[in-house]
């Protein structure tokens with residue numbers, strides 16, 4: 001439900017557990033559906049720079065005393081620049097009818113920034129797997145540090161193979 005890109009009613013108390021102990025990170029994607037979860041400091045970045053683009057839901061993490069938040073991107077934009085992507089794979093007709101018309105995967109994702117409607121955080125129409133943030137958000141998250149994720153440029157010319 002946190003990858004669909006729309007406003008959600010308050011889900012009530014949320015709990016998460018650590019399935020693979022290791023170094024604590026300030027921001028990561030958890031679980032099968034890759035739900036974005038961040039520390040209070042990460043939540044402040046989103047709260048400050050993208051208040052109209054996200055919902056933040058408190059989540060308690062088993063064995064952790066620090067506050068964490070699920071970051072729900074509430075905007076979906078149709079900004080994929082398919083011609084500039086390295087490779088685009090669609091769901092084949094008849095294989096998964098519920099995903100008809102959507103992208104199975106995109107390598108070398110490229111978006112058209114003029115179609116983002118000014119959003120700083122969003123999901124993409126037909127490819128909601130991608131969690132897109134603006135350069136401002138990226139830089140602010142890098143200042144928080146200790147991220148459990150990496151960033152990939154999705155604007156500009158395609159990366160050489």
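At-a-glance table
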item: Residue list for segment 93-112, restricted to those being in contact (Cβ under 8 Å) with a residue 12 or more places away in the chain and over 20 Å from residue 158 (Cα atoms); result: 101, 102
item: All positions within segment 92-111 that are surrounded by fewer than 16 Cβ atoms within 10 Å (Cβ to Cβ) and not in a strand (DSSP E or B); result: 92, 93, 94, 95, 96, 97, 98, 99, 100, 101, 102
item: Pair list, Cβ < 9 Å and 6+ apart or interchain, from segment 133-146 residues that are farther than 14 Å from residue 38 by Cβ to residues that are at pLDDT 95 or above and part of a helix (DSSP H, G or I); result: 134/49; 136/49
item: Qualifying positions in segment 113-132 - in a loop (DSSP other than H, G, I, E, B) and touching a residue at least 40 places away in the same chain (Cβ under 8 Å); result: 117, 119, 120, 125, 126
item: The listed residue being free of Cβ contacts under 8 Å to residues at least 24 places away in the same chain, under 16 Å from the mean Cα position of the chain (by Cα) and assigned to a strand (DSSP E or B), out of 28, 56; result: 56
item: In segment 113-125, residue farthest from residue 52 (Cα to Cα) [restricted to those that are exposed (fewer than 15 other Cβ atoms within 10 Å of the Cβ) and in contact with a strand residue (DSSP E or B) (Cβ under 9 Å, 6 or more places away or on another chain)]; result: 115
item: All positions within segment 12-26 that are surrounded by 10 or more Cβ atoms within 10 Å (Cβ to Cβ) and under 14 Å from residue 147 (Cβ atoms); result: 24, 25, 26
item: Residue satisfying all of: in segment 62-74; farther than 19 Å from residue 151 by Cα and crowded, with 18+ Cβ neighbours inside 10 Å; nearest to the chain's Cα centre (by Cα) among these; result: 74
item: Enumeration of residues in segment 32-53 that are more than 17 Å from residue 119 (Cβ to Cβ) and either surrounded by 11 or more Cβ atoms within 10 Å (Cβ to Cβ) or touching a residue at least 40 places away in the same chain (Cβ under 8 Å) (or both); result: 33, 34, 35, 37, 38, 39, 40, 41, 42, 43, 44
item: Pick from segment 75-91, criterion at pLDDT 95 or above, in a loop (DSSP other than H, G, I, E, B) and in contact with a helix residue (DSSP H, G or I) (Cβ under 8 Å, 6 or more places away or on another chain), ranking: surrounded by the fewest Cβ atoms within 10 Å (Cβ to Cβ); result: 78
item: Residue in segment 55-74 that is farther than 20 Å from residue 26 by Cα and at pLDDT 95 or above present; result: yes
item: Residue in segment 126-136 that is in contact with a helix residue (DSSP H, G or I) (Cβ under 9 Å, 6 or more places away or on another chain) and surrounded by 18 or more Cβ atoms within 10 Å (Cβ to Cβ) present; result: yes
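The values are calculated or read from the model by the stated rules, or taken from the named source; none is laboratory data. Source: prediction; values computed, not measured. When we count neighbours, we look across all protein chains shown, and the Cβ atoms used for this are built from the backbone with ideal geometry, even at glycine.
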